[in-house]
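The values are calculated or read from the model by the stated rules, or taken from the named source; none is laboratory data. Fair warning: this is a prediction, and the values are worked out from it, not measured in the lab. Cβ atoms come from the backbone with ideal geometry, glycine included; neighbour counts cover every protein chain shown. Just so you know, the surface numbers come from the protein's heavy atoms only, side chains and all, with ligands and any DNA or RNA stripped out. Shrake-Rupley method; radii C 1.70, N 1.55, O 1.52, S 1.80 Å.
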Amino acid sequence: MSPRKIIIDTDPGQDDAVAILLALASPEDVTVLGITAVAGNVPLPLTQKNARIVCELAGKPETSVYAGCDAPLSRKLITAEHVHGKTGLDGPPMADPTMPLQDQHAVDFIIDTLRSEPANTVTLCPLGPLTNIATAFQKAPDIVAQVQEIVLMGGGYFEQGNITPSAEFNIYVDPEAADIVFNCARPITVMPLDVTHKALTTKARVAAFRDMGTKVGDMVAAWTDFFERFDMEKYGSEGAPLHDPTVIAYLIRPDLFSGRHINVAIETQSELTLGATVADWWRVSDRPANATFMRDIDADGFFDLLATRLARL
Ligand code: RIB
Ligand code: CA
């Protein structure tokens, strides 16, 4: 089977960085047409810079990186330096990137790519707030039908929220954008907290990164050491959830995941539950199914895949 053509939309973020590394290490499974940065974990100037730092770490400076939206559709930006650090990639200091940022706006790159590639051949992989994707859909409604699938990290149902009691960060930052995406009527696969909270960076799993003896392995281990402190303190868990690489792992090994095709609606009105992903897991509403909402992961298989592929870089 030929590799899937993907656009990674991202707000690096250490976990985004691992997702990008996994994608760039897997050319037999995915062809990265471009990486589009969005404001999220940290402001846009940092997310676009971090995306380029990660591409250079992967030894892929030829990757096209684009800067996108610097704020949600209609709300003030909320960031997550408390988790990812001031730079968004806190851990060992990293040199500024030398590879160029593309001149084209990320939204226009998404539009042009979906218009020029054959229909049903491009998968969108959002790893942050959905602002770029929703803006592209609003600016060029004709591209929506072109999308093969949207595989995103976001939301939570049984796990509820991580930035508020009921909302996960990516959805909470731009709930109006999420509402547009979840109503686009194209195939959507969701990696929510229900899955990512089962993919914890235990000591043994982090040691596997460090034991690679490569710069990539050392960086991934060091990033994990940094960002897991927040979740371990909060959840009292051994290790932190490695959220975003589950999106790329799904493209490579969908058998590692299981979930249900159900209706997922986004709360955009209530202040109390703003950004909640109301997943009709028990199919009690008459709202039509619009997403495959994952709930389980073969965590050992996921980390084995990660270690095997990242060792290539
Ligand atoms: O809630 C986790 C998500 O928010 C991840 O994508 C993380 O990188 C942040 O963007
Ligand atoms: Ca992210």
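Points worth noting:
- Counted residues, the range 200-230 - those being in contact (Cβ under 8 Å) with a residue 40 or more places away in the chain and touching a strand residue (DSSP E or B) at 6+ places or on another chain (Cβ under 9 Å): 2
- Among the residues of the range 255-278, just one is part of a helix (DSSP H, G or I) and either over 17 Å from Leu193 (Cα atoms) or open to solvent by 70 Å² or more (accessible area, probe 1.4 Å) (or both), namely Asp255.
- Matching residues, the range 70-115, being touching a strand residue (DSSP E or B) at 6+ places or on another chain (Cβ under 9 Å) and open to solvent by less than 50 Å² (accessible area, probe 1.4 Å): Pro97, Met99, Ala106, Val107, Asp108, Phe109, Ile110, Thr113, Leu114
- Screening Thr131 with (1) farther than 19 Å from Gly259 by Cα; (2) away from ligand 2 (no atom under 16 Å from the Cβ); (3) open to solvent by less than 10 Å² (accessible area, probe 1.4 Å) gives one miss only, at (2).
- Any hit, the range 62-82, residues being outside any loop (DSSP other than H, G, I, E, B) and within 13 Å of ligand 1 (Cβ to nearest atom): yes
- In the range 8-35, residue nearest to ligand 2 (Cβ to nearest atom) [restricted to those that are assigned to a strand (DSSP E or B) and under 11 Å from the mean Cα position of the chain (by Cα)]: Thr10
- Residue in the range 281-298 that is assigned to a helix (DSSP H, G or I), surrounded by 16 or more Cβ atoms within 10 Å (Cβ to Cβ) and at pLDDT 95 or above present: no
- Asn41 vs. criteria in a helix (DSSP H, G or I) and either surrounded by fewer than 19 Cβ atoms within 10 Å (Cβ to Cβ) or within 12 Å of ligand 1 (Cβ to nearest atom) (or both): no
- Put simply, of Thr63, Thr36 the only residue that is of a type in the set (Val, Ile, Thr), within 17 Å of Leu89 (Cβ to Cβ) and modelled with pLDDT of 95 or more is Thr63.
- Among the helices (runs of 4 or more DSSP H) confined to the range 145-232, the ones with at least 2 residues that are surrounded by 24 or more Cβ atoms within 10 Å (Cβ to Cβ) are located at 169-173, 175-182, 193-196.
- Taken over the range 1-38, the criterion of being more than 16 Å from ligand 1 (Cβ to nearest atom) and touching a Lys or Arg at 6+ places or on another chain (Cβ under 6 Å) is satisfied by Leu24, Ala25, Ser26, Val30, Thr31, Leu33.
- Between Asp296, Asp286, the distinction of being among the charged types (D, E, K, R) and closer than 22 Å to Ala23 by Cα belongs to Asp296 only.
- Members of the range 218-248 that are away from ligand 1 (no atom under 14 Å from the Cβ) and among the hydrophobic types (A, V, I, L, M, F, W, C): Met219, Val220, Ala221, Ala222, Met232
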